[in-house]
């Protein structure tokens, strides 16, 4: 077990899979000569050479399309998007081609591709570069979606994603590439579609993923001082979603709060609440609460940015609301 | 606002009701709380009070007719109201015709105070109560009537904590209910327990109580009783408690101010003396009434008390057996309690709490210390009705009767 940063864990997962399977390759803007905009691919060009670590032109739609074609022809591309904000350029390739090729070809063409990169707000990148895209993509059938910042989970899920025969979107976080954690060496696999109880509790279920898990943990520590026991569930994979881990927790605590980065209108949190209300109706003692971005474009101003994103204060209010406190 | 009177559930086993007779005719004035009908149940025929004041507009179920519980039996309203319109609205609200009332589970209404919470009614009657889904599930599982619960959530929503004080989240905020290692047993309220809770809380919260204590030298009375009882056959023997009722009734006759009741606009002073006797039961207590106790001999009081205690313990007291008392006696003497204070049994104005007769050291009139058989009593008074001096005068008379019983018989 080594202590690795998130970027090192992702690098390790990709490198191990490229060593294991010669059909795997990495492509994206500045992933090769520059070692990646956020140094996730550091040293990979030197190790695997320019045939397998490929600098692409600045054209997301173009190299995403290259990825789709390569995958249809039997390769296993990993496409790095410098951020998911830029990947919006490539949504036609992702939604109309990668996601639907298997279906449209009557099962003839698989698209075993991973598209990965940081998403959500980082720090003062303003409206166009601070977007949370998970709810836009999870709405499209045919895609698997992973969202995590935990180094060990990132390694284990990246390996699963590369080996998966479907297109898997992998959502990371720019601010947390340098955050480290214990990562098992070698063959560490985390299956897609399996959530994790990040913290056991008895009073309320708090579902959070990606960097919101960290906020959830801070809030749980804070509320423990008031005698409120928060159970944190990190689904890790949004599609397919590990519903049972959420249902089981809600059946125990009788209360649900979803903490998500991203805007609250028709968000993934809405979907979780919908499923819980349907499957755990008789277990609920209060209407579920959601904590989301405020519904405005992300401000550049640092204080406003902080206010627009989910805060500890709003999360605590939501938890107290479902506890009738 | 007109009221539709429904067939009340007057006993736990009552399945349908039969109108023995109406005490009022259509067009007669009726008053809330005043009997308006005699209803025959599976057990007895009982008078039943009007749920509202106004005019008896329409009798829907006539003398001798039967109907299901909660079926409409009469409409009470203002003289100028059209009973047909009221009845249409009532039927619309009930979601069906009067005939369908039979299939409906009983619904609790303010006009049916005697209604018991039938277990099968629980799940149905929850419908128009605001409660969380979890609270409804818990209530259904445990047979709790949500109508009896005060919700603490938004807009009075009943939530988990209102039903289970021992839940994990509640335990963190109310240490008094922390689950002990020995476990907690949840005993659902019986109707008797709910009635005791409601009436006594109402008494303490509305009647300003004060307490007067006094002790009696029981030597002469006990001696007299011993010799009297020795000559009586078994079915005529009387107890000290019977003497308490006998003497208190006669003292009340002399002090009618104590034999009274506070009303909103007046004090009612009763000419009759009906004494409520507190009887402990395994699951609560009842206060059957010895009527006209001031006119009964002590032997008659003993026999009447025995009869009432017996049917109370069998759970067969009828409303007539426990309604209408004007003063209460609560005796814990047989349990060794020396003295205690009792809560007034509303709407009465006073209750006498009687302790044990015990050998007690006293300073005698010659200044030396001696031992006497003494009994302490405490009178709880509703200060709205009885002032301190009035209560004290009553106790002074009572003391005279206890210590010189002949005065009660000849001077009372």
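The values are calculated or read from the model by the stated rules, or taken from the named source; none is laboratory data. Just so we're clear, the structure is a prediction, and the values are computed from it rather than from any experiment. FYI the Cβ positions are ideal-geometry reconstructions off the backbone, even for glycines, and counts take in every protein chain you see.
Yes or no, residue by residue, for (1) under 25 Å from residue A:135 (Cβ atoms); (2) part of a loop (DSSP other than H, G, I, E, B); (3) touching a strand residue (DSSP E or B) at 6+ places or on another chain (Cβ under 7 Å); (4) within 13 Å of chain B (Cβ to nearest Cβ):
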position: A:201; (1), (2), (3), (4): no, yes, yes, yes
position: A:205; (1), (2), (3), (4): yes, no, yes, yes
position: A:215; (1), (2), (3), (4): yes, no, yes, no
position: A:222; (1), (2), (3), (4): no, no, no, no
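The residue that is nearest to the other protein chains (Cβ to nearest Cβ), among those in region A:289-306 that are crowded, with 22+ Cβ neighbours inside 10 Å and more than 18 Å from the chain's Cα centre (by Cα), is A:289. Restricting attention to region A:109-120, the residues being within 18 Å of residue A:66 (Cβ to Cβ) and outside any loop (DSSP other than H, G, I, E, B) number 4.
Listed here are the residues, each with its yes/no results for (1) within 14 Å of the chain's Cα centre (by Cα); (2) surrounded by fewer than 22 Cβ atoms within 10 Å (Cβ to Cβ); (3) assigned by TED's automatic domain parsing to the domain that holds residue A:309.
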| site | (1), (2), (3) |
| --- | --- |
| A:109 | no, yes, no |
| A:115 | yes, no, no |
| A:126 | no, yes, no |
| A:158 | yes, no, no |
| A:163 | no, yes, no |
| A:168 | yes, no, no |
| A:175 | yes, yes, no |
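Screening region B:312-345 for residues that are part of a helix (DSSP H, G or I) and surrounded by fewer than 16 Cβ atoms within 10 Å (Cβ to Cβ) and picking the one that is nearest to the chain's Cα centre (by Cα) gives B:319.
Filtered by the rule that a residue be in a helix (DSSP H, G or I) and crowded, with 24+ Cβ neighbours inside 10 Å, region A:232-249 gives a lone residue, A:249. Residue-level check: of (1) assigned to a helix (DSSP H, G or I); (2) within 17 Å of residue A:262 (Cβ to Cβ), residue A:169 misses just (1).
Just one of the listed residues (B:221, B:252) is surrounded by 15 or more Cβ atoms within 10 Å (Cβ to Cβ), touching a helix residue (DSSP H, G or I) at 6+ places or on another chain (Cβ under 6 Å) and either farther than 25 Å from residue B:362 by Cβ or assigned by TED's automatic domain parsing to the domain that holds residue B:333 (or both), and it is B:221.
Which residues, counting only those in region A:239-271, are within 15 Å of residue A:204 (Cα to Cα) and in contact with a helix residue (DSSP H, G or I) (Cβ under 7 Å, 6 or more places away or on another chain)? Result: A:246, A:247, A:250, A:251, A:254, A:255, A:256, A:257, A:258, A:259.
Checking every residue in region A:83-93 against the condition of being touching a helix residue (DSSP H, G or I) at 6+ places or on another chain (Cβ under 6 Å), modelled with pLDDT under 95 and surrounded by fewer than 21 Cβ atoms within 10 Å (Cβ to Cβ) gives zero matches. Here region B:155-182 is the region considered, the condition is being in a loop (DSSP other than H, G, I, E, B), exposed (fewer than 14 other Cβ atoms within 10 Å of the Cβ) and within 12 Å of another protein chain (Cβ to nearest Cβ), and the residue that is modelled with the highest pLDDT is B:178.
Evaluating residue A:229 against the criteria (1) crowded, with 17+ Cβ neighbours inside 10 Å; (2) in contact with a helix residue (DSSP H, G or I) (Cβ under 7 Å, 6 or more places away or on another chain); (3) within 14 Å of chain B (Cβ to nearest Cβ) leaves one unmet condition, (2). The set of residues in region B:40-65 being assigned to a strand (DSSP E or B) and modelled with pLDDT of 85 or more consists of B:48, B:49, B:50, B:54, B:55, B:56, B:57, B:58, B:59. Condition first: surrounded by 13 or more Cβ atoms within 10 Å (Cβ to Cβ), part of a strand (DSSP E or B), more than 26 Å from the chain's Cα centre (by Cα) and assigned by TED's automatic domain parsing to the domain that holds residue B:248. Can you find one or more residues in region B:384-397 that meet it? Checking region B:384-397: not a single residue is surrounded by 13 or more Cβ atoms within 10 Å (Cβ to Cβ), part of a strand (DSSP E or B), more than 26 Å from the chain's Cα centre (by Cα) and assigned by TED's automatic domain parsing to the domain that holds residue B:248.
Determine, yes or no, whether residue B:152 is within 12 Å of chain A (Cβ to nearest Cβ) and either out of contact with any strand residue (DSSP E or B) (no Cβ under 7 Å at 6 or more places or on another chain) or at pLDDT 50 or above (or both). So residue B:152 fits the description; yes. Scanning region A:251-274 for residues that are in a strand (DSSP E or B) and on the phi > 0 side of the Ramachandran plot yields a total of 1.
Exposed (fewer than 15 other Cβ atoms within 10 Å of the Cβ) and over 21 Å from the mean Cα position of the chain (by Cα) - does that describe any residue in region A:269-278? Checked region A:269-278: at least one residue is exposed (fewer than 15 other Cβ atoms within 10 Å of the Cβ) and over 21 Å from the mean Cα position of the chain (by Cα).
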